[in-house]
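Contents: one structure, followed by commentary.
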Amino acid sequence: MLSEPQVTGPSTALMRKAYARWAPVYDVVYDKLTEPAARAAVRAAAACGPRILEAGVGTGLSLGYYPAGSFVCGVDLSEDMLKRARQKVRRRNLAHVRGLQVMDVCHLGYADASFDAVVAQFLITLVPDPEAALSEFLRVVRPGGEIVLANHFGQTDGPVARVEEIVAPLCTKIGWSSDFKSTRIEAWARRNGVEFIGVAPTFPGGFFKILRMRKPA
C-alpha cells in the first residue's frame, strides 16, 4: 500500500519551519477549541469504513477519537508535530494508529483506493495547492469512499464576507484562512465528477464546518 513519500517545493520548507515553532504550543492553543469539529470529522470518516487516512495529522489531537477497530494512518509535513503525535500513541496505547509518516499531502505515497475515507482537519486552506491535495485524496480513497474536511470556510457574500477578506492576512498568521470559500472546493468536485454531499456547521457557533464529498462507486 505504501510507497516512498515525497516532500517537495520551497513553500513546504517554510511551512515545516513554521510548524516546528508551533509544535510545542499547538495542543494548548487548539485542543479544546477544535475538539467538537475534530470529533464530528472523525465520526463522518469512520462511518465509511475502518481504513482511514488523516492528512495533516499534526500533533495527533484527534487520534484518540477513532473507534478501536479502525486502521488509521496519519501523515504530516512536520516531523516536529509527528514526534508529539507518536508520543500520544505510545502513552495512550492507541493500537488503531498503524502509521505516522512525514509526507506532503500533494504527493501521497499510497496506492490508489487504499482507504475508506480521507479526513483533513484545518489543513486544506493552508496547503500551497489545495486542488492538488484534493486530487491526491480522491486518488487514495476507494470508490464510494469519502473525503471529509473540517475547516473554517469564509462566507461567499454579504458584509461578513467583506470583513473576512479584510482580516484574511491576520487569520493566516494564526493558521486559518478567512477568505477561502467552500465554493472553491465545490467547483473542484464538479470538475472531477465527485459528489458534493454538503457543508454542516459545528462549534463554535458554526465558525468551523464539516465538508463531505463522495467518490463515485
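Every number in this text was worked out from the coordinates using simple rules, so none of it is lab data. These figures come from a predicted structure and were not determined experimentally. Note that we place each Cβ from the backbone using ideal geometry, even for glycine, and neighbour counts take in every protein chain shown.
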**Message:** Per residue of the stretch 82-96, what does 6.51 cos²θ - 1.76 cosθ + 1.60 with θ = phi - 60° give for ³J(HN,Hα)? Whole Hz please, x for Gly and Pro, Karplus curve as stated.
**Reply:** 5, 4, 6, 5, 5, 4, 4, 4, 5, 5, 9, 6, 7, 5, 6
**Prompt:** So what J values fall out for the stretch 34-46 if you push phi through Karplus, 6.51 cos²θ - 1.76 cosθ + 1.60 with θ = phi - 60°, rounded to Hz, Gly and Pro as x?
**Reply:** 9, 4, x, 5, 5, 5, 5, 5, 5, 4, 5, 5, 5
**Asked** Taking all pairs of different Cα atoms in the stretch 69-130, averaging 1/r and flipping that mean, what Kirkwood radius in angstroms comes out?
**Response** 12.9 Å
**Complete:** Given backbone amide H placed at 1.01 Å from N, residues whose amide H is under 5 Å from that of Phe153, ignoring those fewer than 5 places away on the same chain, are Lys209
**Prompt:** Which cross-chain or sequence-distant (5 or more) residues have an amide H under 5 Å from the amide H of Gly144, H modelled 1.01 Å from N in plane?
**Reply:** Lys215, Ala217
**Item:** In order through the stretch 136-145: 3J(HN,Hα) via Karplus (6.51 cos²θ - 1.76 cosθ + 1.60), integer Hz, x for Gly, Pro
**Value:** 5, 4, 4, 5, 8, 8, 6, x, x, x
**Request:** Could you give the size of the charge dipole of the stretch 65-156 about its Cα centre, using +1 on the Cβ of each K and R and -1 on the Cβ of each D and E, expressed in debye and rounded to the nearest 20?
**Result:** 700 debye
**Message:** Quick check: pseudo-label points 7 Å beyond the Cα along Cα→Cβ at Glu79 and Glu131, how many nm apart are they?
**Reply:** 3.3 nm
**Request:** Within the set of other residues whose C-beta is less than 14 Å from the C-beta of Ala132, count the net charge using Lys and Arg as +1 and Asp and Glu as -1.
**Result:** -1
